[in-house]
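Student: The following block contains the structure, expressed as structure tokens.
The values are calculated or read from the model by the stated rules, or taken from the named source; none is laboratory data. Everything numeric in this text was worked out from a predicted model, so none of it was measured. So basically every Cβ, Gly included, is an ideal-geometry build from the backbone, and we count neighbours across all protein chains shown. The accessibility values were calculated without ligands, DNA or RNA, using every heavy atom of the protein model including side chains. Shrake-Rupley method; radii C 1.70, N 1.55, O 1.52, S 1.80 Å.
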Amino acid sequence: MNIVKGIDTLGGVDQEPNIYIIDGELLVDAGTGFFFTEMKKQMESRYDCYKIKTIVNTHCHFDHSGATKKFRDWLKASVAAHEDEKELLETGKFTMSEMFGSQPKIVTVNRVLREGSTLKTKNFSFTVIHTPGHTPGSICLYEPGKRILLSGDTLFEGGVGRFDLPGGNKQQMLESLNKLLGYNIQYLMPGHGPPKIGG
């Protein structure tokens, strides 16, 4: 599905999150890996996949990171995540893999992201917003020129991310949501569920 020219969506079925491919260069979240073969075939039919140089995890939970290593090994891409998620992704701690009937899938984080870090592609320049609450190092990606927010599991079309899992924090979630109120957002692209345009 294409909501904004240059940003495509995969996944979004059953337990899978929305996986975003930006300009055919940047992969945001990777899914569980349960449907990796099918996703690989779909991607190969639509992109020159070896142009994807970076895989970003918006947070460490298994439904978003379980396939990160598989994508990394296939694409020879680097893995980026917030500094507060690095250890979690590299040890499997707080990934909640058991909720999906699986074992943690650990992966090396090659690029550490912080508040204000940028991720650039041919037509987009996303700024990292640190939005803890769902997990300690949850991030959103904001494109100010096009007013696009990729919100991971912090904000959805009709709700917010849960904060009752290990590593979650209600007060941090409230502070993160208040932070997002300061951004001019035209296109909300969440980690699960439909996008929201305007409002």
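Student: For the chain, what is the accessible area per residue in Å², given a 1.4 Å probe and the full set of protein chains?
Tutor: Each residue of the chain exposes 45 Å² on average to a 1.4 Å probe.
Student: Now a separate question. Grab the DSSP H runs of the chain that are 4 residues or longer, score each as -39,500 (n - 2.57), total them, divide by all residues and round the 222 nm result to the nearest 500 deg cm²/dmol.
Tutor: Value at 222 nm, helices only, nearest 500: -6000 deg cm²/dmol.
Student: For the chain, what is the convex hull volume of its Cα atoms per residue in Å³?
Tutor: About 104 Å³ per residue, rounded to a whole number.
Student: Another question, if that's okay. Roughly to the nearest percent, how much of the accessible area of the chain is carbon and sulfur, given a 1.4 Å probe?
Tutor: The C+S portion of the solvent-accessible surface of the chain is 50 percent.
Student: Using a 1.4 angstrom probe with every protein chain in place, what is the largest-first accessible-area order of ASP14, ASP164, ASP153?
Tutor: Most to least solvent-accessible, the answer reads ASP14, ASP164, ASP153.
Student: Further question on the same structure: As a quick test, which of the pairs LYS40/LYS179; LYS41/LYS196; LYS5/LYS53; LYS40/LYS120; LYS53/LYS179 have an alpha carbon distance above 25 angstrom in this structure?
Tutor: Listed pairs above 25 Å: LYS40/LYS179; LYS41/LYS196; LYS53/LYS179.
Student: Determine, from the Cβ-Cβ distance of LYS5 and LYS40 and an R0 of 25 Å, the FRET efficiency 1/(1 + (r/R0)^6), rounded to the nearest 0.05.
Tutor: Calculated value: 0.55.
Student: Please list, in order along the range 61-75, the HN-Hα scalar couplings obtained from phi with the Karplus expression 6.51 cos²θ - 1.76 cosθ + 1.60 (θ = phi - 60°), rounded to whole Hz, x for Gly and Pro.
Tutor: Values per residue, Gly and Pro as x: 4, 4, 5, 9, 10, x, 9, 4, 5, 4, 5, 4, 5, 6, 8 Hz.
Student: Given axes a ≥ b ≥ c from the Cα gyration tensor, I'd like to know whether the range 1-109 is rounded (a/c under 1.5), prolate (a/b larger than b/c) or oblate.
Tutor: prolate
Student: Between exposed trypsin sites (Lys or Arg not before Pro) in the chain, where DSSP calls loop and at most 15 other Cβ atoms lie within 10 Å, what's the longest gap?
Tutor: The segment 6-52 is the longest one with no such site.
Student: For LYS51, go through the aspartates and glutamates and keep the ones whose alpha-carbon is under 12 Å away, minus same-chain ones fewer than eight residues off.
Tutor: Straight-line reach from LYS51, under 12 Å: ASP23, GLU25.
Student: Would you mind calculating the relative contact order of the range 52-128 from Cα pairs under 8 angstrom and at least 6 residues apart, reporting the percent as a whole number?
Tutor: For the range 52-128, the relative contact order is 29 percent.
Student: Sort the range 48-91 into rounded, prolate or oblate with this rule: let a ≥ b ≥ c be the square roots of the eigenvalues of the Cα gyration tensor; rounded if a/c is under 1.5, and if a/c is not under 1.5, prolate when a/b is larger than b/c, oblate otherwise.
Tutor: Since a/c reaches 1.5 and a/b is larger than b/c, the shape of the range 48-91 is classed as prolate.
Student: Is the shape of the range 110-199 rounded, prolate or oblate, going by the alpha carbon gyration tensor and its root eigenvalues a ≥ b ≥ c, with a/c under 1.5 for rounded and a/b larger than b/c for prolate?
Tutor: Cα axes put the range 110-199 in the oblate bin.
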